Amino acid sequence: MLTDINPKLPMRNKKVTRDFYLNQLGFKEYGSADFEGYLMVQKDTVQIHFFEFKELNPKENYGQVYIRTDDIENLYQTLLDNKTRIHPNGQLEVKLWEQKEFSVLDPDYNLLTFGQGI
């Protein structure tokens, strides 16, 4: 039986990625071990893993994650309060597929889309 999924996304610099997810998005570092070239973060029940890819060209990165939430308005406002840059084409809005969504790009251009059913 499948019980969970944890996406693995590329990162160029562990320190930069850690800082963004912890200080901009409110995640916590997961686990007590510090693995070289690997990072795990968690917020509520969502966990994201990162692997080091120093040669990554962010403009050619197509990493994407869709994260569901049950309080999108509050999450959006919290990120705005943290001065997190919202994707220029990803402002909070209701989509045709009946989801309220917004998106951010992390420092390596992994696209994080947050959504809530309406």
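The values are calculated or read from the model by the stated rules, or taken from the named source; none is laboratory data. Here the structure is a predicted model, which is why all the values come from computation and not from measurement. Counting neighbours? That spans all protein chains shown, and the Cβs are built from the backbone with ideal geometry, glycine included. The accessibility values were calculated without ligands, DNA or RNA, using every heavy atom of the protein model including side chains. Shrake-Rupley method; radii C 1.70, N 1.55, O 1.52, S 1.80 Å.
Annotation for segment 78-90: no member residue is at positive phi, open to solvent by less than 50 Å² (accessible area, probe 1.4 Å), assigned to a loop (DSSP other than H, G, I, E, B) and at pLDDT 95 or above.
Taking Leu96, is it open to solvent by 100 Å² or more (accessible area, probe 1.4 Å), at pLDDT 95 or above and either of a type outside the set (D, E, K, R) or under 13 Å from the mean Cα position of the chain (by Cα) (or both)? Considered against the rule, which asks whether it is open to solvent by 100 Å² or more (accessible area, probe 1.4 Å), at pLDDT 95 or above and either of a type outside the set (D, E, K, R) or under 13 Å from the mean Cα position of the chain (by Cα) (or both), Leu96 comes out as yes. The condition of being surrounded by 11 or more Cβ atoms within 10 Å (Cβ to Cβ) and among the charged types (D, E, K, R) holds for only one of Glu60, Glu73, that being Glu73.
Looking at the structure I just gave you, is Gln47 of a type in the set (S, T, N, Q), open to solvent by 90 Å² or more (accessible area, probe 1.4 Å) and modelled with pLDDT of 95 or more? Against the criterion (of a type in the set (S, T, N, Q), open to solvent by 90 Å² or more (accessible area, probe 1.4 Å) and modelled with pLDDT of 95 or more), Gln47 does not qualify. Number of residues in segment 5-48 that are at positive phi and without any contact (Cβ under 8 Å) to a residue 24 or more places away in the chain: the value is 3. For Glu29, the conditions (1) surrounded by 13 or more Cβ atoms within 10 Å (Cβ to Cβ); (2) over 17 Å from Asn6 (Cβ atoms) all hold with the exception of (2).
Among the residues of segment 50-61, some residue qualifies, meaning at least one is part of a loop (DSSP other than H, G, I, E, B) and closer than 17 Å to Thr113 by Cβ. Filtered by the rule that a residue be assigned to a loop (DSSP other than H, G, I, E, B), within 22 Å of Asp70 (Cα to Cα) and in contact with a Lys or Arg (Cβ under 8 Å, 6 or more places away or on another chain), segment 23-48 gives Leu25, Gly26, Phe27.
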